[in-house]
Amino acid sequence: QVQLVESGGGLVQPGESLMLSCAASGSFFSIYGMAWYRQAPGKQRERVAGITSGGRTNYRDSVKGRFTISRDNAKNTVYLQMNNLNPEDTAVYFCSTNRAGRDYWGQGTQVTVSS
């Protein structure tokens, strides 16, 4: 079993930054990939960024150059640094991992970008 707990969401103005954190319970965090997803009202959940066990990263096009995913294996935590936020980034953000073919999700953290 893996439990994922996100934090760091909030209300910001366009152009501002936020850093999301996702703390994972359990062992062997370092050998699994992690990812951030988001879901806006009325829209499907979409993958935002991912990071492999080796630290390789990937991003959806709309966040490239603005978002950075990273991980701290000593703290069992994955981060999402979000810069230059815009209203289209408003969504509930979830972290996720797949272990032995099963997807695990956190409860999500709300990010709202509004002036």
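Dipole magnitude for the chain: computed about the Cα centre from +1 point charges on Lys and Arg Cβ and -1 point charges on Asp and Glu Cβ, it is near 320 debye. Scaled against 2.2 N^0.38 Å for its residue count N, the alpha carbon radius of gyration of segment 59-115 is 1.28.
For segment 78-115, backbone nitrogen atoms closer than 14 Å to the point 7 Å from S27 Cα along Cα-to-C-beta are found at no residue.
Using just the Cα positions, wrap the chain in a convex hull and report its mean projected area in square nanometres, one decimal place.
Working: hull surface 27.2 nm².
Taking a quarter of the hull surface, the average projection is 6.8 nm².
In this structure segment 1-54 gives 55 Å² per residue of accessible area when probed at 1.4 Å with all protein chains present. Loop-resident trypsin sites (Lys or Arg not before Pro) (DSSP state other than H, G, I, E or B) in segment 2-108 with no more than 13 further Cβ atoms inside 10 Å of their Cβ: K43, R56, K64. When the chymotrypsin sites (Phe, Trp or Tyr not before Pro) in segment 1-90 are filtered for DSSP coil states and for at most 12 other beta-carbon atoms within 10 Å of their beta-carbon, the remaining sites are F28. What's the carbon and sulfur percent of the chain's accessible surface, probe 1.4 angstrom, rounded to a whole number? Its accessible area is 46 percent carbon and sulfur atoms.
Mean separation of Cα pairs under 8 Å and 6 or more residues apart, divided by the residue count, gives segment 17-115 a relative contact order of 31 percent.
The values are calculated or read from the model by the stated rules, or taken from the named source; none is laboratory data. All values derive from a computational prediction rather than experimental measurement. In this analysis, Cβ positions are derived from the backbone assuming ideal geometry, glycine residues included, and neighbour counts consider all displayed protein chains. SASA here: full protein model, heavy atoms, side chains in, ligands and nucleic acids out. Shrake-Rupley method; radii C 1.70, N 1.55, O 1.52, S 1.80 Å.
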